[in-house]
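Presented below is the structure to which this report refers.
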Amino acid sequence: MKKVLQIALGILAAIGGFVDIGDLVFNVEAGAQFGYQLLWVVVVGVVGIIVYSEMCGRVAAVSKRAVFDAIRERLGFGVGFGALVSSQLVNLMTLAAEVGGVALVLQLLSGLPYRALIVLAILALAFVIWVSPFEWIERIFGYGGLALLVFAVGAIKLHPDWGSVGHGLVPHLSSSDHLVYAYFAVGLLGAAMTPYEVYFYSSGVVEEGWTPKDLGLNRANVMIGYGLGGFLSFALMITAGALFLPLGVEPQFIGTVALGAQVPLGTIGLILALVGILFAVGGAAIDTCFSGAYNLAQYFGWEWGKYRRPSGAPRFTIAWAILLVLALLIIMTGIDPVMLTEYAVIFSVVALPLTYIPILLVANDRSYMGRYANGRLANAFGLLYLVVILVVAVSAIPLMIITNQGQG
């Protein structure tokens, strides 16, 4: 039973990584514009984040080094500092967007003023982080986000053309707008492999004291957790392809996304969708907040960890508190959280090689990993995704500019 409950770490990391506010809208927008044609990208992204997270978890369990420990040592202080700055900027953008997303969902549920709910969201997140044990944060937000499975039920109830759905698992393009298609492909890959997911996951492995005996649990976590995240992405895209594409609807708001569950399932579908979004986006906010604090503490050699009392890791505690305050200031400017998350996803793609390459190197270093270093299969996938990541990193910003964020 203990091992089953520990899968919550992977579920929280997966739901928080795959199904944050930007992903909700990104997957649904892709379905609304291209139907099921981009389902294959989700598969590529799921396998990629499984490869990346498995290496990060294995490195953390064997060497007791989380991501930024490895980055500082492999890249050196100077280059590593560049990776730290870029990752922190992306983390902060993402955190602000997630806080805005929590406030938007609360507004849909309560009808209260949006700005007041932003403050409430920040206070609630700070309270949960301060008082809740790590394992309860995992379970509450990881399992609460499972309410998003309502979109899978909704997708079935909408009776999509399952032949077309299956065809979407094979790369193809029937649209003439190749650049917009490429932008969404890059964005979906970036959303699936957002770096903060592995910052949080690898730090959680160290926090929970995993050892080489837990490598089977590590594999189960990433495969079940991220497989579930990919399944939810499938459900969102299929729902959009079956419901929004025929109507010509552009779902750019959280409320519109929730209609994907309300139309086939009624009020109960809407409520479950909003509850699932609330927990998923809230979990993503906590993932991102912790990730930023973990990165700073690991890079500068501070004491860190949720299992420590705040007085036992004061700089780590101050770091996550400052990140929440900065996120509050950013989102209170009135910036659209969905747009902000899409920017964060694209910029995270650009920064991804700076964190992926050091982990790939450490996972191959037998002086650290011994017999747990990458084997031939792990290296084959690792090198394949290195090429994919480099191509996506180079093309992300040009595609964003040329397509006007997918607007054509």
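Taking 0.36 nm per residue of separation and subtracting the Cα-Cα distance, full extension of the segment from L146 to L179 would add 8.5 nm.
Build a GNM of the chain with springs between Cα atoms under 10 Å apart, and of G248, G31, G225 the one that fluctuates most is G248.
Whole-Å semi-axes of the chain's equivalent ellipsoid, largest first, each the root of 5 times a Cα gyration tensor eigenvalue?
31, 25, 20
Each helix, a run of at least 4 DSSP H residues, gives -39500 (n - 2.57); summed and divided by the residues of the chain, these come to -27000 deg cm²/dmol at 222 nm. A Förster radius of 22 Å, combined with the Cβ-Cβ distance separating M339 from V43, puts the computed FRET efficiency at roughly 0.25.
Note on T256, T211, T355: ascending count of other Cβ atoms within 10 Å places them as T211, T256, T355, the fewest first. Where a ≥ b ≥ c are the square roots of the eigenvalues of the C-alpha gyration tensor, would you call the stretch 301-394 rounded, which needs a/c under 1.5, or, failing that, prolate if a/b is larger than b/c, or oblate? Oblate, because a/c is 1.5 or more while a/b does not exceed b/c. With K and R counted +1 and D and E -1, the other residues having a Cβ less than 12 Å from that of S233 yield a net charge of -2. A crude spin-label estimate for the pair V128 and E73, with each label 7 Å from Cα along the Cβ direction, gives 3.3 nm. Scoring 52-65, 332-345, 363-376 by mean Cβ neighbours within 10 Å over their residues and listing the highest first yields 52-65, 332-345, 363-376.
For a quick check: sort V392, V19 by the number of other beta carbons within 10 angstrom, fewest at the front.
The most exposed by this proxy come first: V392, V19.
Sorting M193, M400 on the 10 Å Cβ count, fewest up front, what's the list?
Ordered from fewest to most neighbouring Cβ atoms within 10 Å, M193, M400 come out as M400, M193.
Between Q407 and S110, the contour length at 0.36 nm per residue exceeds the alpha carbon distance by 103.8 nm.
Given in Å, the Rg to one decimal and the Dmax to the nearest whole number for the Cα atoms of the stretch 44-85 are 11.9, 33. Applying 1/(1 + (r/R0)^6) with R0 = 35 Å to the Cβ-Cβ distance of L390 and L329 gives a FRET efficiency near 0.55.
Each Cα pair under 8 Å and six or more residues apart adds its separation to the average, and for the stretch 2-402 the resulting relative contact order is 38 percent. Our estimate of slack between L89 and V170, defined as 0.36 nm per intervening residue step minus the Cα-Cα distance, is 25.7 nm.
The mean of 1/r over all distinct Cα pairs in the stretch 163-231, once inverted, gives the Kirkwood hydrodynamic radius of 14.9 Å. The mean sequence distance of close C-alpha pairs (under 8 Å, at least 6 residues apart), as a share of the length of the stretch 298-408, puts its relative contact order at 21 percent. Packing, taken as the mean count of other beta carbons within 10 Å per residue, orders the peptides 293-301, 278-286 from highest to lowest as 278-286, 293-301.
Values in this text are rule-based calculations from the coordinates and carry no lab data. Please read all numbers here as calculations on a predicted model, not as lab measurements. Ideal geometry is used to build each Cβ from the backbone, glycine not excepted, and the neighbour counts take in all protein chains shown.
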